[in-house]
Each structure stands twice: as structure tokens, then as C-alpha cells.
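Below you'll find the structure, written out as C-alpha cells, and then a few comments.
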Amino acid sequence: MKPLYTVSATVKGGRTGTVETSDGVLKLNLSMPGAMGGQGGGGTNPEALFAAGYGACFASALANVAQKAGVKAEDAEVTHHVSIGKDEEDGGFRLAVQIDVKLPGVERAKAQELLHQAHDFCPYSKATRGNIEVKLNLVE
């Protein structure tokens, strides 16, 4: 692959530290969610960052496939739910994602088709395919 763009993120302190991108645009505190035994707090976490990144990429992929199909999807809304839980196989952790997509004004069968095409096209979906459980969900 010939890279079109590369960004780096440096993390100090793991889940309770900081993260900053090489371009300086993103600089955040990290905190462990209370649900995972942490103290919560004002920071974000890797799952929230993954949900945001995957969601933005997927929304762009959806816009791309809709445009190619001649479908107006400017009112589309994409919500990524990222869950982390125990991996019974190795005692570590696993991720799962549910992608909720609203496509107002698009006939249900066509919207379902576009949802699957976007999942086939999205680079994040390609990267996670076969590695984590991803559920596609067309919502009204």
C-alpha cells in the first residue's frame, strides 16, 4: 500500500494518561471508565476514540456508496457502539461494535444494501473484518 496520509499518536500512562497526535490537533487526557474498575473522570478512553474514528470513516464510506448509487443520503446518521469485554479464550479482552445507521427518506431495502456496501468499502471495516464482532443495524 502506498500511504496517502499518516498520523501518529503518542500515549503516555496508558488508559489513565494522555494521548497527543503528531500534528498537535488532538491532545486529550485518558481515564479508565468506572465500569472497568477505574475512577472515571474527565478523560476519554480508547473505546470512545475508536468509536469516533470508525464512525467518521464509516459515515464517509456510506456517503461515497450512496453518491455512486445516485441516492441522496445527506441526512444519514451513523452511531458506533464500541463494547469491551472479557475474552474467555485467553483471559484478556475483546471488542465488539454495533453500527446503527439512519437513512431518512431512503427505501428500506436500498438503505440495507447501502449499509452493507459501506461496510465492504470502509477501511476500518476492512481492518476489523474477522477480528471483532460487528453488527450492522438499520434504524428508523
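The values are calculated or read from the model by the stated rules, or taken from the named source; none is laboratory data. Note that the structure is predicted; figures quoted are calculated from it, not measured. Here the Cβ positions follow ideal geometry from the backbone for every residue, glycine too, while neighbour counts run over all protein chains shown. Quick note on the areas: whole protein, heavy atoms, side chains included, nothing else; ligands and nucleic acids left out. Shrake-Rupley method; radii C 1.70, N 1.55, O 1.52, S 1.80 Å.
Placing +1 on the Cβ of every Lys and Arg and -1 on the Cβ of every Asp and Glu, with nothing else charged, gives region 70-140 a dipole about its Cα centre of roughly 140 debye. Placing unit charges on the Cβ atoms of the charged side chains and taking the dipole of region 1-96 about its Cα centre, the candidate lying farthest along the positive direction among 5, 55, 31 is 5. The packing ranking of peptides 44-54, 69-79, 17-27, highest mean first, is 44-54, 69-79, 17-27, where packing means the average number of other beta carbon atoms within 10 angstrom of each residue. If you roll a 1.4 angstrom probe over the protein chains with everything in place, what fraction of the accessible area of region 83-137 belongs to carbon and sulfur, to the nearest %? Its accessible area is 49 percent carbon and sulfur atoms.
Take each peptide in 97-109, 56-68, 119-131, count the other Cβ atoms within 10 Å of every residue, and average; sorted highest first, the result is 56-68, 97-109, 119-131. Rounded to the nearest whole Hz, the Karplus-based 3J(HN,Hα) values (6.51 cos²θ - 1.76 cosθ + 1.60, θ = phi - 60°) of region 53-70 follow the sequence x, 5, x, 5, 5, 5, 4, 5, 5, 5, 4, 5, 5, 5, 4, 5, 8, x, with x at glycine and proline.
Taking Rg and Dmax of the Cα atoms in Å straight from the coordinates, which label in (1) 14.5, 45; (2) 17.0, 48; (3) 15.1, 48 is the correct one? Derived directly from the coordinates: (2).
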